[in-house]
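Asks: Take this structure, written in structure tokens, and hold onto it; I'll ask about it next.
The values are calculated or read from the model by the stated rules, or taken from the named source; none is laboratory data. Since the model is a prediction, treat every value here as computed from it, not as a measurement. Glycine gets a Cβ as well: all are built from the backbone with ideal geometry, and neighbour counts include every protein chain shown. Remember, those area values only see protein heavy atoms, side chains included, never the ligands or the DNA or RNA. Shrake-Rupley method; radii C 1.70, N 1.55, O 1.52, S 1.80 Å.
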Amino acid sequence: MPHNAFRFRAEDAISLNLMDLANIIAHQCEEMLAEASLTAPQWTVLMNVAGDANFQDGARNHDGIFSSEIASARGLSRPHISATVTELIRKGLISQQDDPQDRRRKLLRVTPEGLEVLRRLQPKRQGINDMLLRDLTPDQRQRMLDLLVTVRRRARGIADQAATPLRIAG
């Protein structure tokens with residue numbers, strides 16, 4: 001008989017399923033990203049700099065983005081973002097220019113090479129996502145997205161209050 005502390009709670013089951021799903025998705029993406037010599041955090045930052053509309057978090061992406069905006073939108077620490085940005089610049093996938101309004105700040109922009117990497121990965125990314133969501137109708141997919149965005153906003157609010165960035169899987 002299970003211990004009372006481990007009784008079923010939908011909230012706990014949801015969190016555990018989300019963690020399992022994040023691990024499965026990370027594993028599915030590892031091979032795809034290895035072909036491009038990218039880590040999951042590098043890919044996430046590259047997509048953010050390129051302005052991938054699927055983030056749906058309101059982060060600015062026209063005419064460049066600041067690393068601090070990515071850190072805030074992704075819930076990551078600035079040192080983590082800084083190291084990732086440095087590596088993407090070294091690989092020639094993003095560039096960094098002075099902000100015309102404040103030269104101390106640097107705007108990040110995707111390079112043509114970075115866009116080419118993302119274009120090459122896009123069909124594989126879509127294939128993985130299509131496979132995972134195959135059993136859901138378009139309405140179910142939209143509902144799931146709406147719910148996940150709501151939960152993510154809440155989680156970011158909690159992290160902001162605690163001033164402790166959440167970590168992404170990978």
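Asks: Which of ALA53, PRO79, LEU147 sits farthest toward the positive end of the charge dipole of the chain, with +1 on the Cβ of Lys and Arg and -1 on the Cβ of Asp and Glu?
Replies: It is PRO79.
Asks: Which label marks the calculated value of Rg/Rh (Cα atoms, Kirkwood Rh), given the options (i) 1.18; (ii) 0.98; (iii) 1.01?
Replies: (iii)
Asks: Could you check the spin-label model distance between ALA53 and ILE89? Points 7 Å from the Cα along Cα→Cβ, value in nm.
Replies: 3.0 nm
Asks: While we're looking at this one, here's another question. How far is the Cα center of region 109-163 from the Cα center of region 74-93, in Å?
Replies: Spelled out, the Cα-based centre of one part sits 19 Å from the other.
Asks: Can you give the accessible area per residue of the chain, in Å², using a 1.4 Å probe?
Replies: 68 Å²
Asks: Percent relative contact order of the chain, based on C-alpha pairs within less than 8 angstrom and at least six residues apart?
Replies: About 23 percent, as a whole number.
Asks: Ignoring ligands, DNA and RNA, please state the percent of accessible area on the chain from carbon and sulfur, probe 1.4 Å.
Replies: Reported share for carbon and sulfur atoms: 54 percent.
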